[in-house]
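Written below as structure tokens is the structure these notes are about.
Readers should treat all values here as calculations from the given coordinates under stated rules, not as data from a laboratory. Fair warning: this is a prediction, and the values are worked out from it, not measured in the lab. Every residue, glycine among them, receives a Cβ derived from its backbone with ideal geometry; neighbour counts consider all protein chains shown.
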Amino acid sequence: MLLLVWAPKAWHRLSHLKPSALLWTPGGKARHVRCQLLSSQGPGETGRQSRPQGPGLRTRLLITALFGTGLGGAWLAARAEKEHRRQQQRTEALRQAAVGQGDFSLVDHQGQARCKADFRGQWVLMYFGFTHCPDICPDELEKLVQVVRQLEAEPGLPPVQPVFITVDPERDTVAAMARYVQDFHPRLLGLTGSAEQVAQVSRSYRVYYSAGPKDEDQDYIVDHSIAIYLLSPDGLFTDYYSRARSAEQIADSVRRHMATFRSILD
Amino acid sequence: MAAPSMKERQACWGARDAYWKCLDENTEDPSRCKKLRSSFESSCPQQWIKYFDKRRDYLKFKEKFEAGQFQPSKPTAQS
């Protein structure tokens, strides 16, 4: 290859070497130089020999480049096709999960039966707790409701549905839930149910809960995992926020999810 | 027993905070804060009082721990 660059001088120098010494150079060169030596009559011949090599080589390079581009293009196309298929499979899996996973059948604080499909098309911020909670549940619900209010104040954003699900179905009846949620936000929806229904929804959302020992007043505290869950309008679990996140941080995150959301169910 | 309403919760938290403030000022000596203690006990359900007492213990322990006042115990001959 490098010989090409120094071509003019090289021919001249090579012409003094023995033919056999040039056997190892790239095919074309050796042939050329031998011809040069054999037909040592004048520059005319060498001129005639050297010219076809230039464009010939260029053509070869061009063909190689085109072929390479073709191969590269085919590879990229195959990769894109594979990626597309993978996306379709994932969308299909998500669609199935959206319908089946995380479903629940509970009763709201006005006595209406509710299941997950009722919230299709809405963003939902969900918190699990109990009404006899000393401080954590009121704090987290206050934070959740602050997020809802912040987002309500912004024009162009869809409303977020706040939901409070009890992990203490024994004491948190419909009436108890109604009394509790009114203190936080007019749209805060309380959900309760039978022990089995609450167990089922807690399993779906991986919420741990365990009622503590009862005291003389039959009062007890329920130990439970603390998190605020975000569900997308497709009903899919989208994000969760621990106790450490502030209302502003949660609102920012919800806003970001809203901006990038694309429904897979319609 | 019905759950405390928001007002009752806030009364309880206020009494708790006053009691804790008194403890802070009196180096955890409960005998100096008897009045606030009884006010605290009357504002909150018993379960909550137990819960808040444990929480207080935990918070104090955490303070001490973060200030480095706990040393690892000496290794025994076996370990």
Query raised in the report: Which listed residue (B:Gln46, B:Cys12, B:Leu23) has the Cα farthest towards the positive end of the charge dipole for the stretch B:10-55, taking +1 on Lys and Arg C-beta and -1 on Asp and Glu C-beta about the Cα centre?
Result: B:Gln46
Query - Simple Cβ-charge dipole of the stretch B:10-55, Lys/Arg +1 and Asp/Glu -1, about Cα centre, in debye nearest 20 - result: 140
Report summary line: Taking a crude spin-label model, label points 7 Å out from Cα along the C-beta direction, the A:Gln182 to A:Cys115 distance in nm is 3.1
Requested in this report: Can you pull the one-decimal nm distance between simple spin-label points at B:Ala2 and A:His84, each 7 Å off the Cα toward Cβ?
Outcome: 6.4
**Report entry** Across B:Lys7/B:Lys64; A:Lys143/B:Lys7; A:Lys143/B:Lys21; A:Lys214/B:Lys62; A:Lys82/A:Lys116, pairs whose alpha-carbon gap is larger than 23 Å
**Finding:** B:Lys7/B:Lys64; A:Lys143/B:Lys21; A:Lys214/B:Lys62; A:Lys82/A:Lys116
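Give the relative contact order (percent, whole number) for the stretch A:105-260; include only Cα pairs under 8 Å separated by 6+ residues. Please list the in-between numbers first.
Values: 263 pairs, mean separation 47.5, N = 156.
After rounding, I find 30 percent.
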Query raised in the report: Going toward the positive end of the dipole of the stretch A:134-266, with +1 on Lys and Arg Cβ and -1 on Asp and Glu Cβ, which of A:Leu231, A:Pro162, A:Gln146 do you reach last?
Result: A:Leu231
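Quick one: length gained pulling A:Ser210 to A:Thr91 fully straight, 0.36 nm per residue minus the C-alpha distance?
Numbers: separation 119, 0.36 × 119 = 42.84 nm, distance 3.60 nm.
Using 0.36 nm per residue and subtracting the Cα-Cα distance, I get 39.2 nm.
Take the alpha-carbon positions of the stretch A:105-260, form their convex hull, and give its projected area averaged over all directions (one quarter of the hull surface) in nm². Before the final figure, lay out each step's value.
On the way: hull surface 35.3 nm².
Averaging across all directions leaves 8.8 nm² for the Cα convex hull.
Quote the FRET efficiency, to the nearest 0.05, computed for A:Phe261 versus A:Ile226 with a Förster distance R0 of 35 Å and r equal to the Cβ-Cβ distance.
Numbers: r = 26 Å, r/R0 = 0.73.
Working from the Cβ atoms, E equals 0.85.
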Query raised in the report: If you average the sequence gap of Cα pairs under 8 Å that are 6 or more apart and divide by the length of chain B, what percent do you get for the contact order?
Result: 24
